[in-house]
Amino acid sequence: MYKVGIIGYGKMGKIRHQVITTMKDIQVTSIYDPVNNDVDGVEYVQCAEDIIHDPNIDAVYICTPNYLNKQLTIESMNAGKHVFCEKPPSFTAKEVEEIRAVEEESDRVL
């Protein structure tokens, strides 16, 4: 069973959570959003780092505004997490190359 955390619980975070609940081999264990803490049936954590550094979480769904994606993606992979990033993880090709280098080094999947 894969255990995942969701960072960002706006429209897309909620959609991802809803879809995950239909799968039998994956479970959302915690959610973080700086505004929305109404996460029925799942642990709400106090910051994104609580998800990123939780040793029980295998993967992170990043559903945040674009300007936050690069940092959260890199931090998550460096912490040993697989990452699903809702939107493009950065704004430039150079930044994507940086992320891809971290992906390769971390042996995680983006």
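Beyond 18 Å in Cα-Cα separation lie the following of the pairs Lys24/Lys70; Lys14/Lys81; Lys3/Lys81: Lys24/Lys70; Lys14/Lys81. Between Ser90, Ser30, Ser76, the Gaussian network model of the chain with springs among Cα atoms under 10 angstrom shows the greatest mean-square fluctuation at Ser90.
For helix 66-78, what angle does its Cα long axis make with the longest principal axis of the chain, in degrees from 0 to 90 and rounded to 10? Once rounded, one gets 90 degrees. Look at the Cα gyration tensor of the range 1-74: its axes a ≥ b ≥ c give a/c under 1.5, and that counts as rounded. Note on the chain: with a GNM built from Cα contacts shorter than 10 Å, the maximum mean-square fluctuation among Tyr44, Tyr32, Tyr67 falls on Tyr67. Using a Gaussian network model of the chain whose springs link C-alpha atoms within less than 10 Å, name the residue from Cys47, Cys63, Cys85 with the highest mean-square fluctuation. Per the Cα network of the chain with a 10 Å cutoff, Cys47 tops the list. Once the chain from Asp107 to Gln46 is taken as fully extended at 0.36 nm per residue, the excess over their C-alpha distance is 19.2 nm.
I'd like the orientation of helix 93-106 relative to the chain: the angle between its Cα long axis and the longest Cα principal axis, in ° from 0 to 90, rounded to 10. Once rounded, the angle reads 70 degrees.
Coordinate-derived values only; no laboratory data. Only a predicted model underlies this, so the values are computations on that prediction, with no experimental measurement involved.
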